[in-house]
Ligand code: UDP
Ligand code: MG
């Protein structure tokens, strides 16, 4: 199969049917052997029922139904695990991405790129709580990962199948696939894409997502640079602080023991204690970080989603991907 289009949906009852029609209209014209994989992320509205009907009418439509809400990233992972296409395209199910842009992304992969990432140069979302934080986050992510994209958060992206096969994603990490894949040496290109305002349904996110994205950025950073270990980052500062505090403390102890200078009431003494405490804290943080990174690797075998059923295709799976 040439192409799988993966669309995570959560409570998009008013969007799935028009989107379904739109996507198929675009893809039929390409002449490709394709499938559209909707991942229902535990919707509480009519979304799944509508998708079921659509899948029974359109053989190229596949529906993966989760048992409960696992989040957009988990839904995307399930899509990757089930996709049969040589190329996998991801997009939002709220009609904000324009299916008409898919052929543009595919053309870039034909040129030899491994990832074509959409760039919503004219993003139709609120400025203060969506566009501004995302702008700042994009700058930071680019700096930290060294992969410069204007719009990490744009879901409309095309991947060569081998880039996403077996990739393990957590939290808000779907946006970091280009960064994670960069150490495989993939070629990435950015393609300006259309962005439409949300007409039906509600956005599931607000400013609250930004801190989670930033936390996941830390994980990605550790993934990318195997040499930067938490204990080295925190430990170094912990040692410096602890050593300074210790020396300062030693100085006052000597003053006290040999020159009978009183210790209490001196700012320097308080500083020494603080520096030593901060040192202990930082070293402990580093150790915790080490444990955390290890745990991260240990937990990779655990499924990150749970499939209730797959509609429109036989083989069942359970997210071991
Ligand atoms: N989504 C999902 N699971 C969730 C939240 C969202 O599958 O827990 C889907 C949602 O239905 C949509 C896409 O992820 O297709 C993007 O969500 P949304 O439009 O709310 O985010 P925004 O575009 O505002 O960033
Ligand atoms: Mg949206």
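Rule-based calculations on the coordinates, nothing more; no lab input. This structure is a prediction, so every number in the text was calculated from the model and none was measured. Cβ coordinates were reconstructed from backbone atoms using ideal geometry, including for glycine residues, and neighbour counts include every protein chain displayed.
Gap in Å between the Cα centre of region 25-43 and the Cα centre of region 193-265? Rounded to whole Å, the Cα centres lie 44 Å apart. Across region 3-226, Cα pairs under 8 Å and at least six residues apart give a relative contact order of 25 percent. Projection of the Cα convex hull of region 1-153, averaged over all directions and equal to a quarter of that hull's surface, yields 9.7 nm². Going from the fewest other Cβ atoms within 10 Å to the most, the residues 12, 111, 162 appear in the order 111, 162, 12. For 167, 207, 144, the sequence from fewest to most other C-beta atoms within 10 Å is 207, 144, 167. The residues 237, 264, when put in order of fewest to most other Cβ atoms within 10 Å, stand as 264, 237.
Computed over the alpha carbons of the chain, Rg followed by Dmax gives 25.0, 92 Å. Site pair residue 127 and residue 255 shows an inter-label distance of 5.6 nm when each label is modelled 7 Å from Cα along Cα→Cβ.
With Cα atoms defining each centre, region 93-133 and region 45-88 are spaced 20 Å apart in the structure. Subtracting the Cα-Cα distance of residue 288 and residue 56 from their residue separation scaled by 0.36 nm leaves 78.5 nm.
Once Rh is set to the Kirkwood radius over Cα pairs, what Stokes-Einstein translational diffusion coefficient, in µm²/s, holds for region 192-271 at a temperature of 4 °C and a viscosity of 1.567 mPa s? Answer, rounded: 71 µm²/s. Full extension of the chain between residue 140 and residue 184 yields a length gain of 13.7 nm, computed as 0.36 nm times the residue separation minus the alpha carbon distance. Angle of helix 132-145 to the longest C-alpha principal axis of the chain, folded into 0 to 90 degrees and rounded to 10: 70°. Working from label points 7 Å from Cα in the Cα-to-Cβ sense, the residue 280 to residue 239 distance is 2.0 nm.
The share of alpha-carbon pairs in region 231-299 lying farther apart than 19 Å comes to 45%.
Once the Cα atoms are used to define both axes, helix 230-259 deviates from the longest principal axis of the chain by about 10 degrees.
Sorting the segments 33-43, 253-263, 212-222 by their mean number of nearby beta carbons within 10 angstrom, highest to lowest, gives 33-43, 212-222, 253-263.
Each label point was placed 7 Å from the Cα along the Cα-to-Cβ direction; for residue 148 and residue 207 their separation is 3.0 nm.
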